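Let me begin by presenting the structure, written as structure tokens, before commenting on it.
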Amino acid sequence: MRIRLFATVALIALILGFSSPTSFSWGENGDRLVANKAVDTLPEEMQLFFQANRQFLVQHVTDLQEAVPKSVIPFEHPRPPDFIELDHYGPFPFSALPRDYNHALLKFNRRVLEQHGLLPWQIGLYSKRLTDAFHDHNWNEAKLSAAMLAHYVTAAHDPFKTTINFDGKLTGQPGVNDRFGAGLVDRYQLFFFVKPGEAVFIHDPTDHAFEICLTAHSLLESVLLADRRAHTGLTAYTDEYYDRFYAQAGTLLASQLSDAATDVGSYWMTAWINAGRPQLPAQ
């Protein structure tokens, strides 16, 4: 993993200072759907533990603030740390932003990184936390870290968590992020299928998190265009609008949620493998 000890300690401080009521990338139903489906991607050796704790994971992926002991959160920051504004750093593929946290810190300083988001490094950090919890047989911490990790990995698949146009206001489409995420998921989740693949080993959790964010960002214009087309000729965001929007963006939505579930399971499995494949308890 690219985050060395110094970076890990620094990031913990950043994250504790950044904590605030958690926002949902895809709405509560979307986050829960991904966490639930991620359990089914795991190998047999991990199934008993994760099946037994499925409800905990599904609950706390949408309520991480409550899951963290209050003593761990000394103060609040106005924005949750589950985003990265990649387009602040220039054109795609944003090569001006180093993926190594220490290098990024030296180039841009802490204030800039905080302001524009830490999401890929968050994922790297929580992957390390889950690895340590598995290694130490700290099963309560493992459950909590797995839920946190699931939230951040799911967020990385949301195009609106990767851009300065996070709420659509810069393109005259305010609220498009909620319409695409919670709006479509809540209305149509019974009509599309989330079909994740089997979990796979991730060689570099932080680097892979950047790749996830890049892929999500590359879909942003397609979602914005679908929103504009769906609203053409309408004066409000009616049922007709949502039907049009789903017809144009539903396949993309289902694909991103499926990939999110695969990646969540992959991060969980990677942490377990990196911890030495400990025997997990049945509950």
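Sub-6 Å Cβ pairs linking a first residue in segment 258-278 that is aliphatic (A, V, I, L, M) to a second residue that is in a helix (DSSP H, G or I) and surrounded by fewer than 24 Cβ atoms within 10 Å (Cβ to Cβ), at least 6 apart or interchain, are Ala261/Lys37; Ala271/Thr131; Ala275/Thr131; Ala275/His135, ordered by first then second residue.
Checking each residue in segment 37-56 for being touching a residue at least 60 places away in the same chain (Cβ under 8 Å), surrounded by fewer than 17 Cβ atoms within 10 Å (Cβ to Cβ) and either assigned to a helix (DSSP H, G or I) or within 16 Å of the chain's Cα centre (by Cα) (or both) picks out Glu45, Leu48, Ala52. On inspection, Ala247 passes the criterion of being small (Gly, Ala, Ser) and surrounded by fewer than 16 Cβ atoms within 10 Å (Cβ to Cβ). Check Gly168, Gly117 and return the single one that is modelled with pLDDT of 95 or more and touching a Gly at 6+ places or on another chain (Cβ under 7 Å). Of the residues listed, the single one that is modelled with pLDDT of 95 or more and touching a Gly at 6+ places or on another chain (Cβ under 7 Å) is Gly168.
Screening Leu105 against (1) more than 25 Å from Thr262 (Cβ to Cβ); (2) not in a helix (DSSP H, G or I) leaves a single unmet condition, (2). Arg79 meets the conditions (1) among the basic types (Lys, Arg); (2) modelled with pLDDT under 95; (3) part of a helix (DSSP H, G or I) in every case but one. The failed one is (3).
A single entry from Ala182, Ala147 fulfils the requirement of being within 27 Å of Met269 (Cα to Cα) and small (Gly, Ala, Ser): Ala147.
Table: residues versus (1) surrounded by 14 or more Cβ atoms within 10 Å (Cβ to Cβ); (2) polar (S, T, N, Q); (3) within 30 Å of Gly276 (Cβ to Cβ).
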| site | (1), (2), (3) |
| --- | --- |
| Pro159 | yes, no, no |
| Asn165 | yes, yes, no |
| Gly168 | yes, no, no |
| Gly172 | no, no, no |
| Asn177 | yes, yes, no |
| Val185 | yes, no, no |
| Tyr188 | yes, no, no |
| Phe193 | no, no, no |
| Pro196 | yes, no, yes |
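Within segment 94-137, the set of residues being more than 30 Å from Phe50 (Cβ to Cβ) and either touching a strand residue (DSSP E or B) at 6+ places or on another chain (Cβ under 8 Å) or of a type in the set (A, V, I, L, M, F, W, C) (or both) comprises Phe94, Ala96, Leu97, Ala104, Leu105, Leu106, Phe108, Val112, Leu113. Specify the residue that is surrounded by the fewest Cβ atoms within 10 Å (Cβ to Cβ); the eligible residues are those in segment 94-143 that are in contact with a Ser or Thr (Cβ under 9 Å, 6 or more places away or on another chain) and under 15 Å from Thr162 (Cα atoms). Among residues in segment 94-143 that are in contact with a Ser or Thr (Cβ under 9 Å, 6 or more places away or on another chain) and under 15 Å from Thr162 (Cα atoms), the one surrounded by the fewest Cβ atoms within 10 Å (Cβ to Cβ) is Arg99. Can you confirm whether segment 223-236 contains a residue that is in contact with a Gly (Cβ under 7 Å, 6 or more places away or on another chain) and either β-branched (Val, Ile, Thr) or surrounded by fewer than 14 Cβ atoms within 10 Å (Cβ to Cβ) (or both)? There is no residue in segment 223-236 that is in contact with a Gly (Cβ under 7 Å, 6 or more places away or on another chain) and either β-branched (Val, Ile, Thr) or surrounded by fewer than 14 Cβ atoms within 10 Å (Cβ to Cβ) (or both).
The values are calculated or read from the model by the stated rules, or taken from the named source; none is laboratory data. Remember, predicted model here, so these are calculated numbers, not experimental data. Using ideal geometry, Cβ is built from the backbone for each residue, glycine included, and neighbour counts are taken over all protein chains shown.
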